[in-house]
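Read through the structure below, which is laid out as structure tokens, and then see the notes.
The values are calculated or read from the model by the stated rules, or taken from the named source; none is laboratory data. Fair warning: this is a prediction, and the values are worked out from it, not measured in the lab. Methodologically, a virtual Cβ is constructed for each residue, glycine included, from the backbone with ideal geometry; neighbour enumeration extends over all protein chains shown. Each accessible area value is taken on the protein alone, full model and side chains, heavy atoms only, with ligands, DNA and RNA left out. Shrake-Rupley method; radii C 1.70, N 1.55, O 1.52, S 1.80 Å.
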Amino acid sequence: MLLLMLLALLWGGSPAQDLGFSLQVQRVVTVQEGLCVRVPCTLSYPPLGWTEDTPALGYWFLAGTDSSVGRPVATNDQNRAVRTVPQDRFQLVGDPQNRNCSLLIREALVEDSALYFFRVERGRYVQYSFMKNQFYLQVTALTQQPDVYAPEILEPGHQVTLICVFNWTFEDCPAPTFSWLGAAVSAPEPRPTSSYFSVLTLTPRPQDHGTHLTCRVDFSRKGVSTERTIRLNVAHAPKDLVISVSRANTSALEPPAHSPHLEAEKGQFLRLLCAADSQPPATLSWALEDRVLSRSHPQGSGTLELVLPGVKPGNSGCYTCRAENRLGSQSRTLDLSVQYAPENLRVMTLHANRTVLENLGNGTSLPVLEGQSLRLLCVTHSNPPARLSWVLGGQTLSPSQPTDPGILELPQIEMEHEGDLTCQAQNPLGSQHVSLHLSVVYPPRLLSPSCSWDGEGLHCSCSSQAHPAPTLRWRLGEGLLEGNHSNASWTITSSSAGPWANSSLSLSGLLGSGLRLSCEARNAHGKQSATVLLLPDKGLVSKAFTNGTFLGIGIMTLLFLCLLLVMKTLKKKQTQAGTPPRPRATRRSTILDYINVFPNPGPLAQNRKATPSSPSQAPPPGAHSLEFKKNQKELHVVAHTCPGPKSFTQASESENNQEELHYATLHFLGLRPWETQEPKDTYSEYTNIKFH
């Protein structure tokens, strides 16, 4: 023996292996708590010191145990006590005499996790502990569950068989104990078996649908067990249909609401999920009013989703989810109301004597004739309904119809109505407005033309106010003069600023006798004109001077004397009345150069509240002014309008212009240029003025 050991050391090998001792065992053995595991093990030892009749004893020790005095966990030595309780949990199932050291571990416990080594004893020489061939036992929590096999759908009143199987088969391990628990089991009790499965027979009832059935498997005397629970599906018509809502793409579903109404803001993500309990699974469908939107597969999951990525007002309505199978159907309705701020705000107008509404966009300028009526309608789309209001020039207007504040009626348009008119729609989600510019238009209002003589000829000016601004033109006899033009006989200069238009006319040369001169103003809404009568003919006077006739000289002289007489008389009256005297007329003055006439402004102009500002101030309504001008010296005579006779030509013009022409004539009593004696019963000054 010593020689053999020395040879082994010289050869450099392991003493145990070289002497014939070896053991093969799995390094780590894993088992779940309460289960059974077999640890395969083989060994070899040298044939020294024993015979075939010599018994072979094997011992499994917990690492760290003194094999000479300590208790093993398992052994085939009947004279050696073991340390495990109960004693049969660890069993040496292999026969060391046949080179087998396999170990059986039952009802494994967590505290059994440790290193274990094997020792063999046979005869005097074979007494060896395999300290370098240990294995580690790892005991984990029990996670394996049994499998329960049952029909997918149980027909009520029909007997059915269910099987519970635990897939853990070792011949040397004891069979577990099975038990069934649940409302469908009338008397639950343990069912010990000699195999690894259990069979249960029952007759399901309608009320058993949805109840749980549990198969429990017990492995140890310390209560270690595992189980599996299934849900019984008993055939029935759809029931418990619910609709869940999600308002975000990633958010969880909200709990089903008891109210059938759902509100969502425009543009919001909306997901509707319909679920129903039914066996066999029902076919689900979503419908909006009478239109089917989607339908599930008959073998689906029992839920159907409807996604509205961005709800619109058109998505509002009643959504119905319907579940149906061969045993019946059930449905539930959800009323979706999409809320949004006012949009598509429009203003429509109905002018006087019209029946068709006209749409007006934001920023539109709306011309309305003064004195006419106006009806405006403001409409919008919103949910909840918007509150409508009208604002004119910063001031809120009272609605014409309190029940419909979108209607605004102005029975008679006046100048103060001009300005920015706004319709505003507002609800809790926002507001919108449409603004219009209300432009009050009216026909021309002509201020009287004024004329004056000077050394170069006759100069007349005319002004008019209207909206839109008028155009001015002159009528000289039968001729029509307008724009900015000039020639050898006349010059016209025209200008405009805002609602005002101004025009001046300069005439030079000879003027015919009884020449009629008029100023005419017009725009799209009407026209007005005023006529200037030239009495006497200035042109003839100039011609008389040119010809050097004595009659012309006499006429001018007499006229000059008459004018001096008139001025003297007026000066005397002014002195008596305490008023300052008028300036004297120059030698070149004539008795009457022209008569300026203001037409009747008419009822429309009389209704205007604002007083226009112009280069010439208008006289009071219903009054005419007669002006005498010569070298910027004036004599004014004012008379009130009264109807009088008109010539046929004047009447025709009045009818064409739709206005009444008023003019005045002055009659002088005294010597004419061709008279040599003063008539009787006359006065030294003119005494009478007639108006027509």
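Summary table
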quantity: Within the range 408-428, tally of residues that are of a type in the set (D, E, K, R), at pLDDT below 90 and surrounded by fewer than 17 Cβ atoms within 10 Å (Cβ to Cβ); calculated: 3
quantity: Residue in the range 468-486 that is farthest from Val532 (Cα to Cα), counting only those that are open to solvent by 70 Å² or more (accessible area, probe 1.4 Å) and more than 60 Å from the chain's Cα centre (by Cα); calculated: Ser486
quantity: Among (1) modelled with pLDDT of 90 or more; (2) within 50 Å of the chain's Cα centre (by Cα); (3) crowded, with 16+ Cβ neighbours inside 10 Å - the single one Pro204 does not satisfy; calculated: (2)
quantity: Residue that is surrounded by the fewest Cβ atoms within 10 Å (Cβ to Cβ), among those in the range 298-356 that are under 29 Å from His433 (Cβ atoms), of a type in the set (S, T, N, Q) and touching a strand residue (DSSP E or B) at 6+ places or on another chain (Cβ under 8 Å); calculated: Asn344
quantity: Of the criteria (1) open to solvent by 40 Å² or more (accessible area, probe 1.4 Å); (2) of a type in the set (Ser, Thr, Tyr); (3) under 30 Å from Met348 (Cα atoms), which one Thr493 fails; calculated: (3)
quantity: Every residue from the range 94-139 that is among the β-branched types (Val, Ile, Thr) and crowded, with 16+ Cβ neighbours inside 10 Å; calculated: Ile105, Val120, Val126, Val139
quantity: Those strands (runs of 3 or more DSSP E) lying entirely in the range 372-474 with at least 3 residues within 15 Å of Thr349 (Cβ to Cβ) and not assigned by the TED database to the domain that holds Ser494; calculated: 374-383, 407-410, 419-427, 430-454
quantity: Matching option when the condition is under 29 Å from the mean Cα position of the chain (by Cα) and at positive phi, among Gly371, Gly394, Gly419, Gly406; calculated: Gly394
quantity: Flag if His381 is of a type outside the set (Lys, Arg), more than 30 Å from Ser504 (Cβ to Cβ), open to solvent by 60 Å² or more (accessible area, probe 1.4 Å) and touching an Asp or Glu at 6+ places or on another chain (Cβ under 6 Å); calculated: yes
quantity: Test: residue in the range 154-165 that is surrounded by 14 or more Cβ atoms within 10 Å (Cβ to Cβ), of a type outside the set (A, V, I, L, M) and part of a strand (DSSP E or B); calculated: yes
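Condition check ((1) among the charged types (D, E, K, R); (2) under 60 Å from the mean Cα position of the chain (by Cα)) across all residues:
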residue	(1), (2)
Val73	no, no
Tyr116	no, no
Arg119	yes, no
Leu137	no, no
Gly157	no, yes
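Matching residues to (1) under 22 Å from Pro86 (Cα atoms); (2) of a type in the set (Lys, Arg); (3) in contact (Cβ under 8 Å) with a residue 12 or more places away in the chain:
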position: Cys41; (1), (2), (3): no, no, yes
position: Leu48; (1), (2), (3): no, no, yes
position: Asp53; (1), (2), (3): no, no, no
position: Leu57; (1), (2), (3): yes, no, yes
position: Thr65; (1), (2), (3): yes, no, no
